[in-house]
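Only one structure is covered here, and it is reproduced in the block below.
Where a number appears in this text, it was derived from the coordinates with a stated rule and is not lab data. Just so we're clear, the structure is a prediction, and the values are computed from it rather than from any experiment. So basically every Cβ, Gly included, is an ideal-geometry build from the backbone, and we count neighbours across all protein chains shown.
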Ligand code: COD
Ligand code: ZN
Ligand code: ZN
């Protein structure tokens, strides 16, 4: 019996309060309105940003259905939707692509103005929610909400992918992998022969390493205070790894010496102001570019000597690797299917959806790179 046009009752993980485990409960998911799409989620990764909402570091209105890195299949579509149809395999996009705003119209940017990252309203673009639980309305998370068996997204925030793609792997293209890989390939546009340094070798940092390698970098220096991260980083393409705790000198000076004048590209993939500064200082004073990938802690400021930039360094940041989401996600999935890159080393744990709190604990303890939940 078709569920189209009807309310669907299903299981979802709800964040009712800060710093509490997510609660798995039955929710009601309303049918998609015009230009919206209801998706049956098949696999979702747990990303650091989901946990940032639970800890309060990424302030969002609660209660909320978190999750934003997923793959699924279209269950039904609202009036006027032409980009996908029921049965299509899709990835929800937390950075949408409306195709009409100033950013979408430019060839340079990717942060479509219809995103809900900046506004954090926790609602669909029309200002309402499609989720209820026990008579209470639940918020959506950055236009996606994937910690649920069914979700509703705007048509600008979903894209069709290869039906043969394995959902439990390519769900990472919805956030973590693309964020890191794109920082190197799309934002920095690393050139063949470049010397790169990657600060932070978590899942996103490893994806930066893969991007540097795919771009043909000659040296990829991994930097992490946890040496247990080194073997995997080397497996993914790091040519050498260093631990700042092993040196008396600041790590930017160590990198300066190792590269006779600084790296061509550095990436901060930790989310700390000290390492953002060190990554900038570690790049060549004239030709170096430093990219901020780690989310900066709220309300933190950096004071720096403008001479650092005056001599020619470039300092930039990116969201979702700088990729225009609708244009790039299907291509990244095709690249994965053609074995241009691998995702297996990033997926250390696969758990059933019910064990989501276990997955969050693995993330907090540093035991996992990525946990993927299957439904
Ligand atoms: N020096 C060197 N390494 C350090 C230091 C330090 N001072 N402190 C911590 N580290 C290492 C840790 O040992 C760890 O290996 C690594 O840094 C951080 O890794 P994780 O596993 O905590 O983080 P990731 O790889 O999952 O990445 C998360 C980011 C920290 C990059 C986080 O900010 C993020 O997810 N950014 C994505 C940006 C984005 O676009 N977000 C929007 C939607 S998610
Ligand atoms: Zn994420
Ligand atoms: Zn747009």
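Each distinct pair of alpha carbons in segment 3-62 adds a 1/r term; the inverse of their mean, the Kirkwood radius, is 13.5 Å. Placing dummy labels 7 Å off each Cα toward the beta-carbon, the span from residue 274 to residue 191 is 3.5 nm. Decide, for segment 1-118, between rounded, prolate and oblate: order the square roots of the alpha carbon gyration tensor eigenvalues as a ≥ b ≥ c, take rounded if a/c falls under 1.5, and otherwise choose prolate if a/b is larger than b/c, else oblate. Taking the square roots of the gyration eigenvalues as a ≥ b ≥ c, segment 1-118 is oblate. Fraction of C-alpha pairs exceeding 20 angstrom in segment 294-375: 63 percent, rounded to a whole number.
Put simply, when 131-141, 43-53, 270-280 are sorted by average Cβ atoms within 10 angstrom per residue, most first, you get 43-53, 270-280, 131-141.
Once you reduce segment 154-206 and segment 1-79 to the center of their Cα atoms, the two points are 22 Å from each other. Given R0 = 56 Å, the distance between the Cβ atoms of residue 234 and residue 126 translates into a calculated FRET efficiency of 0.70.
Reported value for the chain: 132 Å³ per residue, from the convex hull of its C-alpha atoms. Between segment 329-362 and segment 209-238, the C-alpha centres lie 19 angstrom from each other. As a rough footprinting exposure proxy, the listed residues 196, 241 were ranked by other beta carbons within 10 Å of their own, and the order from fewest upward is 241, 196.
With respect to the chain, whose longest principal axis is taken over its alpha-carbon atoms, helix 203-214 is tilted by about 60°. In this simple spin-label approximation, residue 164 and residue 338 carry label points 7 Å from Cα along the Cα→Cβ vector, and these lie 1.3 nm apart. Once the Cβ-Cβ distance of residue 247 and residue 285 is raised to the sixth power relative to R0 = 22 Å, the FRET efficiency obtained is 0.60.
What the Cα convex hull of segment 157-313 gives, in volume per residue, is 136 Å³. For the pair residue 9 and residue 26, the difference between a 0.36 nm per residue extended length and the Cα-Cα distance amounts to 5.5 nm.
Compared with the alpha-carbon gap, the fully stretched path from residue 327 to residue 309 is longer by 3.2 nm at 0.36 nm per residue. Peptides 318-329, 291-302, ordered by how many other C-beta atoms sit within 10 Å of their residues on average, highest first, read 318-329, 291-302. With R₀ set to 45 Å, the beta-carbon distance separating residue 227 from residue 108 gives a calculated FRET efficiency near 0.70.
Using only Cα atoms and rounding to the nearest 10 degrees, what angle (0 to 90) does helix 325-337 make with the longest principal axis of the chain? The answer is roughly 80 degrees. Counted by neighbouring Cβ atoms within 10 Å, the residues 104, 283 run from fewest to most as 104, 283.
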